[in-house]
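First comes the structure, then the notes that go with it.
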Amino acid sequence: MSPYRPATASLATALAALLGLSASTCAAAPGDASNDASLAATVDKRLRGDRTGACLAVAVIDAGDAGTFKVRRAYACADGAQEPRIGPSSAFEIGSVSKTMTAALLAGLIEAGEADLDDPLAGYLPEGSTVPDFDGQAIRLRHLVTHTSGLPALPPGVELSDPADPYAAIVPDDLLAALGRSTLAQAPGQRFEYSNFASMLMSYAVARRAGDDFEALLDTRVFEPLGMRGAYVNARPQGVREAVGHLPNGAVTSAWRFRDELSGVGGVRATLDDMVGYVRGQLGAAPEPLATALELTQQPLDTPSAQPIAMNWMLAPLDGRRVHVHEGGTGGFSSFVAFDRGRGRGVVVLSDTAMTALGGLGSLGQHLLDSRLPLGQPRRETTASPALIDALAGDWQLEGGPAMTLRRNGDALEIQATGQPAFAMGYDSAGDFYPRAFDALLSPHKGADGNYGFVWHQGGGALPARRVEASASPAPTLSVERLRDYAGEYPLQPTDLVLSVRVQGDTLLAQATGQGAFPLSPVTDDVFEAAAYGIEIRFQRDDAGAVIGLSLLQGGQSLRGERR
């Protein structure tokens with residue numbers, strides 16, 4: 001989670017991780033993490049020399065016969081000299097992975113007959129609370145745990161007074177007042193939009209219905225049954241030390257704090273062994289009644305949005321099975337938790353450094369879940385070519401953000417937002433620029449017209465940039481009838497993904513198997529882009545002018561899809 005736009009298993013992350021997988025051509029692989037030494041070697045390959053200086057705690061959990069588990073663990077740092085920085089007693093902020101624990105508490109209430117997913121949210125709030133609806137269609141609990149409530153990412157009108165600890169000052173009355181100010185643009189369930197606001201309301205609603213402090217509920221109903229002795233929200237257990245969070249530039253940053261009843265949005269701290277216990281529970285080792293509650297949270301929930309999701313678990317297809325995954329991010333930490341019940345494997349990756357702007361921990365986590373998925377490489381500092389710097393120099397406008405000027409300063413790039421000081425940018429081996437003074441990322445991409453653009457990543461948000469030029473050619477406008485030419489299903493070779501293209505209103509949308517839909521903007525004839533994800537799609541026509549296929553370009557990879 002983040003104070004701006006929360007990070008999830010976004011299309012950009014999940015699609016990039018799956019592009020290299022072909023279920024039809026790759027045999028099942030046991031994975032590289034066969035023991036602690038090989039796991040450490042895999043983590044070291046991904047991390048050693050990374051410019052962030054991050055330290056990771058990693059575990060792979062494999063279910064065996066008769067309810068047994070084999071667990072491999074590794075602790076590693078980008079700089080080997082820093083490795084004493086974390087260890088078995090270190091408690092990490094797990095961020096939005098906490099939401100899956102809130103779901104477990106809600107599922108327990110449902111199993112006890114004290115709640116129902118179709119209950120209106122209003123019934124869980126203080127009497128007299130104003131809850132928006134859409135033409136009489138109410139926000140229900142299922143909409144909160146599927147991020148389809150229609151509520152914005154953050155409570156409107158609530159000031160985040162301290163960006164370094166943005167949620168600490170928010171109290172329930174702030175949420176209720178913001179709810180009263182909110183309106184819905186569409187019926188609940190229609191659109192997937194990740195919302196920390198909705199998740200804070202869910203945390204508050206669960207605590208009120210259960211009639212206890214939220215941390216006490218977690219202790220008795222989740223932590224204790226799963227042996228998570230070091231997990232906590234605000235009451236740190238004896239013998240557990242709070243890990244120190246870092247920005248991707250290596251600077252120490254403050255911890256995030258939450259009011260108890262709102263902490264289900266992202267306030268849990270846990271050691272690696274705590275999270276191993278949590279994943280073992282998800283793989284079937286939990287005692288009753290928690291086992292039944294966890295099973296309920298894992299069931300897919302259908303909504304008109306068509307987003308593959310369970311109760312706060314994102315779902316992704318893999319070899320005909322369903323993988324449950326959630327990532328988390330706070331100001332100084334990142335986390336990744338996933339499990340494949342069909343295969344009996346789970347993965348935990350905890351970082352004492354915020355990796356959200358860098359794409360999170362998904363590449364490592366998914367590689368450990370299945371070694372056919374790409375591992376990723378450490379981001380090492382390097383030097384950008386003068387031609388690239390010159391191509392980016394100029395005035396830009398961020399979509400939904402400030403204007404920004406990019407200029408050359410010696411052999412480096414420098415940025416300056418309107419009314420702000422200039423900041424020097426570094427450049428890394430992944431091809432991205434980054435401010436040396438704060439956590440953000442500038443990802444350049446070459447458009448269909450040969451010119452460069454970029455996406456600005458900060459606080460979990462991805463903002464495409466538009467060059468400000470008086471003579472700039474406007475993007476083409478296509479009629480709905482013209483857009484319908486492109487609608488169809490396109491199996492992407494050599495993967496097992498299918499890209500579905502459809503028209504919604506006056507917009508062309510694309511959606512890969514198991515992922516959320518994203519809008520496509522026309523660039524030139526038969527060429528569209530999703531700039532926030534660095535995706536370019538080129539449609540092909542036959543001699544008669546009918547669309548017969550497409551090419552999807554992202555991150556230097558190209559996939560071909562024949563229309564069916």
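Does at least one position in segment 194-202 carry a residue that is in a helix (DSSP H, G or I) and polar (S, T, N, Q)?
Looking through segment 194-202, at least one residue is in a helix (DSSP H, G or I) and polar (S, T, N, Q).
What is the number of the single condition among (1) touching a helix residue (DSSP H, G or I) at 6+ places or on another chain (Cβ under 9 Å); (2) under 23 Å from Thr524 (Cβ atoms); (3) loosely packed, with under 13 Cβ neighbours inside 10 Å that Asp411 does not meet?
All conditions are met except number (2).
If you take the residues in segment 161-192 that are crowded, with 18+ Cβ neighbours inside 10 Å and small (Gly, Ala, Ser), which one is nearest to Leu151 (Cα to Cα)?
Going through the qualifying residues, I end up with Ser182.
Taking the residues in segment 30-89 that are acidic (Asp, Glu) and not in a helix (DSSP H, G or I) as candidates, determine which candidate is farthest from Glu381 (Cα to Cα).
Asp62
Which number in (1) more than 13 Å from Ile94 (Cα to Cα); (2) modelled with pLDDT of 95 or more; (3) touching a Cys at 6+ places or on another chain (Cβ under 6 Å) marks the one condition that Val347 misses?
Here Val347 meets the rest and fails (3).
I need the full set of residues from segment 125-146 which are part of a loop (DSSP other than H, G, I, E, B), over 20 Å from Ala177 (Cα atoms) and touching a strand residue (DSSP E or B) at 6+ places or on another chain (Cβ under 9 Å), in order please.
Across segment 125-146, the qualifying residue is only Thr146.
Looking at Ala462, Ala424, Ala448, which one is in contact with a Ser or Thr (Cβ under 9 Å, 6 or more places away or on another chain), part of a strand (DSSP E or B) and touching a residue at least 12 places away in the same chain (Cβ under 8 Å)?
On inspection, the qualifying residue turns out to be Ala462.
Based on this model, can you work out whether Gly505 counts as more than 23 Å from the chain's Cα centre (by Cα), at positive phi and not aromatic (Phe, Trp, Tyr)?
yes
List the pairs whose first member sits in segment 66-92 and is under 19 Å from Thr42 (Cβ atoms), whose second member is of a type in the set (S, T, N, Q) and surrounded by fewer than 17 Cβ atoms within 10 Å (Cβ to Cβ), and whose Cβ atoms are under 7 Å apart, counting only residues at least 6 apart or on separate chains?
Close Cβ pairs satisfying both conditions: Arg72/Asn35.
Within segment 476-499, count every residue that is in a helix (DSSP H, G or I) and of a type in the set (Phe, Trp, Tyr).
1
Take the residues of segment 378-394 that are over 30 Å from the mean Cα position of the chain (by Cα) and either touching a residue at least 12 places away in the same chain (Cβ under 8 Å) or farther than 21 Å from Tyr452 by Cα (or both): which is surrounded by the fewest Cβ atoms within 10 Å (Cβ to Cβ)?
Looking at the filtered set, the residue picked out is Pro386.
Does Arg321 fit the bill of being surrounded by fewer than 18 Cβ atoms within 10 Å (Cβ to Cβ), over 13 Å from the mean Cα position of the chain (by Cα) and among the basic types (Lys, Arg)?
Yes: the conditions hold for Arg321.
Only one of these is within 22 Å of Arg48 (Cα to Cα) and crowded, with 24+ Cβ neighbours inside 10 Å: Leu375, Leu350. Name it.
Leu350
When you check Gly250 against the structure, is it surrounded by 14 or more Cβ atoms within 10 Å (Cβ to Cβ), in a loop (DSSP other than H, G, I, E, B) and on the phi > 0 side of the Ramachandran plot, yes or no?
Spelling it out, Gly250 is indeed surrounded by 14 or more Cβ atoms within 10 Å (Cβ to Cβ), in a loop (DSSP other than H, G, I, E, B) and on the phi > 0 side of the Ramachandran plot.
What pairs can you find where one residue is in segment 38-59 and within 19 Å of Ser90 (Cβ to Cβ) and in contact (Cβ under 8 Å) with a residue 12 or more places away in the chain, the other is surrounded by 17 or more Cβ atoms within 10 Å (Cβ to Cβ) and of a type in the set (Phe, Trp, Tyr), and their Cβ atoms are less than 9 Å apart, with a gap of 6+ or different chains?
Note: pairs meeting the criteria are Ala40/Tyr75; Val43/Tyr75; Cys55/Tyr75; Leu56/Tyr75; Ala57/Tyr75; Ala57/Phe92; Val58/Tyr75.
Just a yes or no: is a residue in segment 223-246 in contact (Cβ under 8 Å) with a residue 24 or more places away in the chain, more than 19 Å from Ser90 (Cα to Cα), within 23 Å of the chain's Cα centre (by Cα) and buried (at least 23 other Cβ atoms within 10 Å of the Cβ)?
So far as segment 223-246 goes, no, none of its residues is in contact (Cβ under 8 Å) with a residue 24 or more places away in the chain, more than 19 Å from Ser90 (Cα to Cα), within 23 Å of the chain's Cα centre (by Cα) and buried (at least 23 other Cβ atoms within 10 Å of the Cβ).
I'm trying to understand the selection: among the residues of segment 491-519, which are at pLDDT 85 or above, in contact with a strand residue (DSSP E or B) (Cβ under 9 Å, 6 or more places away or on another chain) and more than 23 Å from Met314 (Cβ to Cβ)?
Val503, Thr507, Leu508
So, in segment 109-121, how many residues would count as being surrounded by fewer than 19 Cβ atoms within 10 Å (Cβ to Cβ) and of a type in the set (Gly, Ala, Ser)?
2
Can you name the residue in segment 427-451 that is surrounded by fewer than 18 Cβ atoms within 10 Å (Cβ to Cβ) and small (Gly, Ala, Ser) and, of all such residues, is modelled with the lowest pLDDT?
Ala448
Checking Val523 against (1) in contact with a strand residue (DSSP E or B) (Cβ under 6 Å, 6 or more places away or on another chain); (2) at pLDDT 85 or above; (3) farther than 30 Å from Asn196 by Cα; (4) not polar (S, T, N, Q), which test does it fail?
Here Val523 clears every test but (2).
The values are calculated or read from the model by the stated rules, or taken from the named source; none is laboratory data. Treat the numbers as computed from the prediction; the structure is a model and nothing was measured. Heads up, the Cβs are rebuilt from the backbone with ideal geometry, glycines too, and the neighbour counts pull from every protein chain shown.
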